[in-house]
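Shown next, in structure tokens, is the structure this report addresses.
Please treat every number below as a calculation from the coordinates, not as lab data. Keep in mind it's a predicted model, so treat the numbers as computed, not measured. Please note: Cβ atoms are built from the backbone with ideal geometry, for glycine as well, and neighbour counts cover all protein chains shown.
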Amino acid sequence: HGRQLAQRLGDQCWRSSLEDSSAELFMDGLQFSATGVTGVLHGPSGDVPFQSPLVGRFNLMNLLQAVGVLLQHGLPCDGLLQALESFNGVPGRMERVPHRNDQPAVLVDYAHTPDGLDNALQAARPFAEGKLICVFGCGGDRDRSKRPQMGAIAAQLADELVVTSDNPRTEDPQQIL
């Protein structure tokens with residue numbers, strides 16, 4: 001359906017990608033680190049280097065979508081790139097907890113679906129200088145079918161796993177675990 005919508009919108013619709021260089025807006029040369037990401041933004045303003053403190057490909061894709069909308073609304077690319085450098089993201093989405101250099105890095109993410117947890121753990125892996133420890137919970141009285149899926153993903157992608165009964169509501173916490 002996306003392609004049909006894009007055809008109907010014509011020039012008003014830009015494609016964006018982290019892989020497809022034929023898209024009107026794409027990023028490449030991506031270097032992910034514990035401090036964020038650097039790369040090159042290719043678009044109607046030319047090819048410009050950028051840096052962002054955001055963590056994870058999913059955050060970068062969201063950022064690319066936002067940049068596309070703002071460019072289409074006439075905001076200057078230079079101003080957008082400057083804003084990218086200082087935008088730390090949305091609280092609870094791969095949010096860094098301040099720590100000393102001798103302490104482990106801690107990231108907080110509101111992943112509440114199997115896909116969200118998968119993306120968060122994939123993004124967190126570069127931070128793990130030792131073990132990647134995942135602490136997660138599922139709320140009570142909610143979608144029970146996703147709990148085993150999320151447990152399997154965490155067990156596959158993390159080195160250690162801690163499961164909690166994050167807000168059991170009226171459900172027995174032991175049933176959640």
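Descriptive notes on the structure:
- Along the chain, longest interval not containing exposed GluC sites (Glu not before Pro), exposed being DSSP loop plus at most 14 other Cβ atoms within 10 Å: 20-128
- Whole-Hz couplings from phi, Karplus 6.51/-1.76/1.60, listed for region 44-54; x for Gly and Pro: x, 8, x, 9, 10, x, 9, 9, 8, x, 5
- Distant-in-sequence amide H partners of R15 (H built 1.01 Å from N, under 5 Å): E24, L25
- Amide H contacts under 5 Å for V106, placed H, 5+ residues apart: V97
- Sparse-neighbourhood loop sites, trypsin sites (Lys or Arg not before Pro) in region 110-177 - DSSP loop, at most 12 other Cβ within 10 angstrom: K131, R144, R169
- Extent along the principal axes, Cα only, for region 2-86: 41, 24, 18 Å, with the longest axis given first.
- Entry note, the chain: relative contact order of 13 percent, from Cα contacts under 8 Å with a spacing of 6+ residues.
- Positive minus negative residues near C13 (Lys, Arg vs Asp, Glu; Cβ under 14 Å): +1
- Each residue, E24 and V48, gets one label point 7 Å from its Cα in the Cβ direction; the gap between the two is 1.7 nm.
- Two-site FRET efficiency, Q156 against E95, from Cβ-Cβ distance with R₀ of 22 Å, rounded to 0.05: 0.40
- Debye equation applied to the C-alpha atoms of the chain, log10 I(q)/I(0) at 0.20 Å⁻¹: -1.25
- Label point at A34 placed 7 Å out along Cα→Cβ; residues across region 88-113 whose backbone nitrogen lies under 11 Å: 99-106
- Shape descriptor for region 95-176: Rg over Rh equals 1.00 (Cα atoms; Rh from the Kirkwood inverse mean 1/r).
- For V37, the residues whose amide H sits under 5 Å from its own are S52, L54, ignoring neighbours fewer than 5 places away on the same chain, with H placed 1.01 Å from N.
- Extension reserve of the A105-I133 stretch, reckoned as 0.36 nm per residue once the Cα distance is removed: 9.0 nm
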